[in-house]
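Nothing in this text is a laboratory measurement; each read-out follows from the coordinates by a stated rule. Because the structure is a prediction, the values reported are computed rather than measured. A quick note on method: Cβ atoms are made from the backbone with ideal geometry, for glycine too, and the neighbour counts reach across all protein chains shown.
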Amino acid sequence: MRYRLAIFDMDGTILDTIQDLTDALNHTLRAHGYPQHSVSEVMFMVGNGIHKLIERAVPEGTKKEELEQVFEDYLPYYEEHCADATKPYQGIVPAILRLRELGIMTAVVSNKKDSAVQELCEIYFKGCFQAAVGERDGVKRKPAPDSVNEVLKTLGIRKEEAVYIGDSDVDLQTAENAGMDVIAVTWGFRSKQFLKEHGARVFADTPEDLVALIRTDAHGFV
């Protein structure tokens with residue numbers, strides 16, 4: 001078996017969070033008198049952290065001070081409502097547990113605030129992960145490799161022994177920056193064609209596919 005560790009992205013990879021992200025964003029935008037966005041629009045705004053999401057969502061030309069206020073108002077609302085409509089993708093929990101049964105360690109990294117990552121892992125993935133890292137002081141957001149390197153250090157695993165799993169161009173870049181193999185999942189926030197155009201070469205169309213790729217010394221990783 002090639003890999004000792006599978007590192008998962010969160011939003012769009014293990015958790016379908018888009019409705020709660022959209023609702024929290026629109027609640028905050030509405031409070032500030034700004035236009036709101038559809039789920040499909042927000043889907044292409046996420047991936048680089050909450051601050052970048054707010055920057056993309058507010059009207060062009062919004063003053064920095066106002067942008068920061070929207071950001072500050074968004075955080076507590078999302079933390080309170082981050083699990084209203086959020087749910088794991090079908091089959092992902094059994095897939096993670098199967099990897100654990102096979103002796104493969106599992107972890108999650110995210111550009112969400114670390115407190116939200118820990119809360120969501122506790123609610124939906126209790127006992128699934130040996131490490132979970134979100135956005136916090138001293139850990140740069142993806143696509144910087146900091147969160148991945150933090151997991152590798154914590155679990156004592158070399159990057160050659162790990163594979164990164166994600167659903168976006170940010171995830172592909174994160175894996176490249178970390179010098180790791182990557183599997184792109186096609187059930188998340190980006191289409192398979194989009195992922196191909198951004199360099200993905202190995203795909204999992206279902207969680208079962210993902211387990212098969214990880215447990216068998218698959219070839220063709222980017």
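Report the normalised scattering of the stretch 145-212 as log10 I(q)/I(0) at q = 0.21 Å⁻¹, calculated by the Debye formula with identical scatterers on the alpha carbons. With no solvent term, the Cα-only Debye profile gives -0.84. Only helices enter the 222 nm calculation for the chain: every DSSP H run of n ≥ 4 contributes -39,500 (n - 2.57), and dividing by all residues gives -13500 deg cm²/dmol, rounded to 500. Each peptide in 65-76, 116-127 was scored by the mean count of other Cβ atoms within 10 Å over its residues; highest first, the order is 116-127, 65-76.
Classify the stretch 18-81 as rounded, prolate or oblate from the Cα gyration tensor: take a ≥ b ≥ c as the square roots of its eigenvalues, call it rounded if a/c is under 1.5, otherwise prolate when a/b beats b/c and oblate if not. Taking the square roots of the gyration eigenvalues as a ≥ b ≥ c, the stretch 18-81 is rounded.
Working from label points 7 Å from Cα in the Cα-to-Cβ sense, the Lys153 to Arg30 distance is 4.3 nm. Against the chain, whose longest principal axis is taken from its Cα atoms, helix 114-124 shows a tilt of about 60°.
Centroid-to-centroid, using Cα positions, the stretch 120-189 and the stretch 81-116 are 11 Å apart. DSSP beta bridges confined to the chain are antiparallel in about 15 percent of cases. Using the Cβ-Cβ distance between Arg100 and Leu67 with R0 = 35 Å, the FRET efficiency computed as 1/(1 + (r/R0)^6) comes to roughly 0.25. How far, in degrees from 0 to 90, does helix 169-178 lean away from the longest principal axis of the Cα atoms of the chain, to the nearest 10? In the chain, helix 169-178 runs at an angle near 50 degrees to the longest axis. For the stretch 66-222, the number of Lys pairs separated by eight or more positions or lying on different chains, with C-alpha atoms closer than 21 Å, is 17.
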